[in-house]
1. Which residue pairs have Cβ atoms under 8 Å apart, sit 6 or more places apart or on different chains, and have a first residue in the range 71-97 that is within 26 Å of residue 42 (Cα to Cα) and in a helix (DSSP H, G or I) and a second that is open to solvent by 70 Å² or more (accessible area, probe 1.4 Å) and of a type in the set (A, V, I, L, M)?
2. Could you list, in sequence order, the residues of the range 23-43 that are part of a helix (DSSP H, G or I), open to solvent by less than 100 Å² (accessible area, probe 1.4 Å) and out of contact with any Gly (no Cβ under 9 Å at 6 or more places or on another chain)?
3. Could you check, for the range 45-53, whether at least one of its residues is open to solvent by less than 40 Å² (accessible area, probe 1.4 Å), of a type in the set (Ser, Thr, Tyr) and within 18 Å of residue 108 (Cβ to Cβ)?
4. What number of residues within the range 106-119 are over 13 Å from residue 30 (Cα atoms) and touching a residue at least 24 places away in the same chain (Cβ under 8 Å)?
5. Taking the criterion of being open to solvent by 60 Å² or more (accessible area, probe 1.4 Å), in a helix (DSSP H, G or I) and over 19 Å from residue 21 (Cα atoms), would at least one residue in the range 99-120 satisfy it?
6. Is there a residue being at pLDDT 90 or above, closer than 12 Å to residue 123 by Cβ and within 14 Å of the chain's Cα centre (by Cα) anywhere in the range 22-45?
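The values are calculated or read from the model by the stated rules, or taken from the named source; none is laboratory data. All values reported here derive from a predicted model rather than from experimental measurement. We place every Cβ from the backbone using ideal geometry, glycine too, and count neighbours over all the protein chains shown. Areas reflect the complete protein model, heavy atoms only, side chains present, ligands, DNA and RNA absent. Shrake-Rupley method; radii C 1.70, N 1.55, O 1.52, S 1.80 Å.
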Amino acid sequence: MSHEASTRAVGVGRVLIAVYAILAIAATARSLFQLATKFDVAPVAYALSGVAGLVYILATVALLKRGETWYRIAWGTLIFELTGVIVVGVLSVIDPVLFPADTVWSFFGRGYVFIPLVLPILGMLWLARTRRLESKGAQ
């Protein structure tokens, strides 16, 4: 089985991708609403949530698509997400004034039941696992 012919959207991967899709929709919609109605309250926080939403959309697509390029994009989005949730999480704990309104990543994703913290880790584990399985199948 070649990497081009494989898919990660099976079994647990389907659940992971579905959660990514739901989070992408939730974060993006919430951010768009906040940017449109309350931009002056916390522009950085709302814009950051918008960036997170776009990254979640890209991650969802990358996890669904086949091929080496999409595999690398998936890794890049997951690393970006995990870095974002850790950096923003730490900053929001150390100095809550930096984010007068919550972002998707504030307090490590507390407003989203910590899913933003856990999801990229699960995604990385899934990508590593499917890569190993694909390598075994190609032999």
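1. What qualifies is 77/58; 82/121; 91/98; 92/98.
2. First pass over the range 23-43, keeping only residues part of a helix (DSSP H, G or I): 23-38, 43.
The next check asks that each one be open to solvent by less than 100 Å² (accessible area, probe 1.4 Å); those that pass are 23-24, 26-31, 34-38, 43.
Within the range 23-43, 36, 37, 38, 43 qualify.
3. So far as the range 45-53 goes, yes, one or more of its residues are open to solvent by less than 40 Å² (accessible area, probe 1.4 Å), of a type in the set (Ser, Thr, Tyr) and within 18 Å of residue 108 (Cβ to Cβ).
4. Just the residues of the range 106-119 that are over 13 Å from residue 30 (Cα atoms), to begin with: 106-110, 113-119.
Among the residues that remain, those that are also touching a residue at least 24 places away in the same chain (Cβ under 8 Å) are: 106, 109, 115-117, 119.
Qualifying residue count, the range 106-119: 6.
5. No, the range 99-120 contains no residue that is open to solvent by 60 Å² or more (accessible area, probe 1.4 Å), in a helix (DSSP H, G or I) and over 19 Å from residue 21 (Cα atoms).
6. Yes, the range 22-45 contains a residue that is at pLDDT 90 or above, closer than 12 Å to residue 123 by Cβ and within 14 Å of the chain's Cα centre (by Cα).
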